[in-house]
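The structure appears right after this line, and notes come after that.
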Amino acid sequence: MADKPADLPAINPLQYAPWHPREPRGNTQAQIGAPMGHTKEQAAANFMAFQRTISSSDIVIFSDGSRLADGRAGDSYIGLQAHHQFLRSSLSYRHRKEVFDTEVEAALAGA
């Protein structure tokens with residue numbers, strides 16, 4: 001795991017007991033999807049509004065994969081909790097990796 005920058009507070013991922021009420025799974029799944037028919041600006045505004053609804057006890061992993069012109073693929077990811085970054089890393093892969101595969105591996109590495 002990457003070192004935590006000194007200016008970020010420590011986050012306790014066990015702040016709430018497992019029996020603490022959570023959002024129903026159906027509500028969570030209803031929020032997952034692509035912003036069909038929206039402008040880039042509207043999609044960004046919608047995401048910012050959604051991000052404000054995420055509980056401070058939730059951990060969010062963002063990843064982004066890409067492929068270089070020579071065929072190598074790679075990925076970077078960050079972990080956030082309570083709007084504070086506590087994890088950051090990048091992964092480099094050899095040839096024959098799809099971008100989708102790198103994103104899945106980054107999500108698993110961040111989990």
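The values are calculated or read from the model by the stated rules, or taken from the named source; none is laboratory data. Predicted, not measured: the structure shown is a model, and the values here were computed from it. Positions of Cβ are backbone-derived with ideal geometry, glycine not excepted, and every protein chain shown enters the neighbour counts.
Mind listing whichever residues of region 31-46 are surrounded by fewer than 11 Cβ atoms within 10 Å (Cβ to Cβ) and either of a type in the set (Phe, Trp, Tyr) or modelled with pLDDT of 75 or more (or both)?
Gly37, Thr39, Lys40, Glu41
Which ones in region 62-88 are among the small types (Gly, Ala, Ser), surrounded by 15 or more Cβ atoms within 10 Å (Cβ to Cβ) and in contact with a helix residue (DSSP H, G or I) (Cβ under 8 Å, 6 or more places away or on another chain)?
Ser63, Gly65, Ala73, Gly74, Ser76, Gly79 - these are the residues of region 62-88 that are among the small types (Gly, Ala, Ser), surrounded by 15 or more Cβ atoms within 10 Å (Cβ to Cβ) and in contact with a helix residue (DSSP H, G or I) (Cβ under 8 Å, 6 or more places away or on another chain).
Touching a residue at least 24 places away in the same chain (Cβ under 8 Å) and either out of contact with any His (no Cβ under 6 Å at 6 or more places or on another chain) or surrounded by 15 or more Cβ atoms within 10 Å (Cβ to Cβ) (or both), is that true of Arg94?
no
Any chance you could count how many residues in region 41-58 are farther than 21 Å from His20 by Cα and of a type outside the set (D, E, K, R)?
Number satisfying all stated conditions: 9.
With the requirement that a residue be small (Gly, Ala, Ser) and either assigned to a strand (DSSP E or B) or closer than 11 Å to Gly110 by Cβ (or both), what does region 81-96 give you?
Ser89, Ser90, Ser92
All but one of (1) among the hydroxyl-bearing types (Ser, Thr, Tyr); (2) modelled with pLDDT under 85; (3) within 16 Å of the chain's Cα centre (by Cα); (4) surrounded by 13 or more Cβ atoms within 10 Å (Cβ to Cβ) hold for Thr28; which doesn't?
Going through (1) among the hydroxyl-bearing types (Ser, Thr, Tyr); (2) modelled with pLDDT under 85; (3) within 16 Å of the chain's Cα centre (by Cα); (4) surrounded by 13 or more Cβ atoms within 10 Å (Cβ to Cβ) one by one, Thr28 breaks only (4).
Return a yes/no flag: does region 44-65 have any residue that is among the basic types (Lys, Arg), on the phi < 0 side of the Ramachandran plot and in contact with a strand residue (DSSP E or B) (Cβ under 8 Å, 6 or more places away or on another chain).
no
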